[in-house]
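Here is the structure we will look at.
The values are calculated or read from the model by the stated rules, or taken from the named source; none is laboratory data. Since this is a predicted model, take the numbers as computed values, not measurements. All Cβ positions, glycine included, derive from the backbone under ideal geometry; neighbour counts span all protein chains shown.
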Amino acid sequence: MRPHLKSRLAITLAVVLAAEACKQAAPSPWRVYSNTTLGFEFRYPNHWSEANTIIDRAKVTWINFSASSAGATRNVLYVKIFPDRDAYSIEQRLIAVNATATQVTVDNTTQNLYGDFRDIPTVMISHGNLLLEIGDPSKEGYLTQILATFRFLK
């Protein structure tokens, strides 16, 4: 190989390696919500924040995410964790009667996505003892991206 071609190849390789290093070092535009106790995690947009966690009278745990703009805070995502299969089944039947189910893959499992439930895309996730409902009232269209990052940890 000619010397000038070797130096061009070396420079090109150095540029490619530097670009790869920058990509890997760049901060992710999404945050990670992880619940190691229940065994799941997912990513959500960086401009959202975890707002609060409450347990209602039916012992359903609600994890709410919010976003702020122009001084107003709004709910953009909720995760409902059901205490038992009966409570989960009742919720799923209620949603199924009022919306059309589309099967989606969530961490290599088949789950039901209800895109037209009260104008809030909603997915029901059942995996072992983990029973979740995730709803996206944000109108930002992030639910499918969130589901693509969803992982079972157990």
(request) For segment 50-73, name all the residues that are free of Cβ contacts under 8 Å to residues at least 24 places away in the same chain and more than 25 Å from Lys154 (Cα to Cα). (result) Asp56, Arg57, Ser66, Ser68, Ser69, Ala70, Gly71, Ala72, Thr73
(request) Evaluate segment 60-75: report whether one residue or more is touching a strand residue (DSSP E or B) at 6+ places or on another chain (Cβ under 6 Å), of a type in the set (Phe, Trp, Tyr) and not in a strand (DSSP E or B). (result) no
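Name the one entry in Thr105, Thr53, Thr110 that is farther than 19 Å from Asn35 by Cα, in contact with a strand residue (DSSP E or B) (Cβ under 7 Å, 6 or more places away or on another chain), among the β-branched types (Val, Ile, Thr) and assigned to a strand (DSSP E or B). First the steps, then the outcome.
Working: Thr105 fails: in contact with a strand residue (DSSP E or B) (Cβ under 7 Å, 6 or more places away or on another chain); Thr53 fails: farther than 19 Å from Asn35 by Cα.
Going through Thr105, Thr53, Thr110 in turn, just one is farther than 19 Å from Asn35 by Cα, in contact with a strand residue (DSSP E or B) (Cβ under 7 Å, 6 or more places away or on another chain), among the β-branched types (Val, Ile, Thr) and assigned to a strand (DSSP E or B): Thr110.
So, in segment 50-74, of the ones that are under 13 Å from the mean Cα position of the chain (by Cα) and modelled with pLDDT of 95 or more, which residue ends up farthest from Ala87 (Cα to Cα)? Please lay out each step first, then the result.
Within segment 50-74, the first condition is being under 13 Å from the mean Cα position of the chain (by Cα), and the residues that meet it are 50, 63-65.
Filter once more, keeping what is modelled with pLDDT of 95 or more: 63-65.
On the way: Ile63: 17, Asn64: 19, Phe65: 22 Å.
Restricting to residues being under 13 Å from the mean Cα position of the chain (by Cα) and modelled with pLDDT of 95 or more, the top hit is Phe65.
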(request) Please indicate, with yes or no, whether at least one residue in segment 39-47 is surrounded by fewer than 17 Cβ atoms within 10 Å (Cβ to Cβ), modelled with pLDDT under 95 and not aromatic (Phe, Trp, Tyr). (result) yes
(request) Output the qualifying pairs, or none if there are none: Cβ atoms under 6 angstrom, residues six or more apart or on different chains, first residue in segment 126-154 and under 16 Å from Tyr33 (Cβ atoms), second residue among the polar types (S, T, N, Q) and in a strand (DSSP E or B). (result) Gly135/Thr122
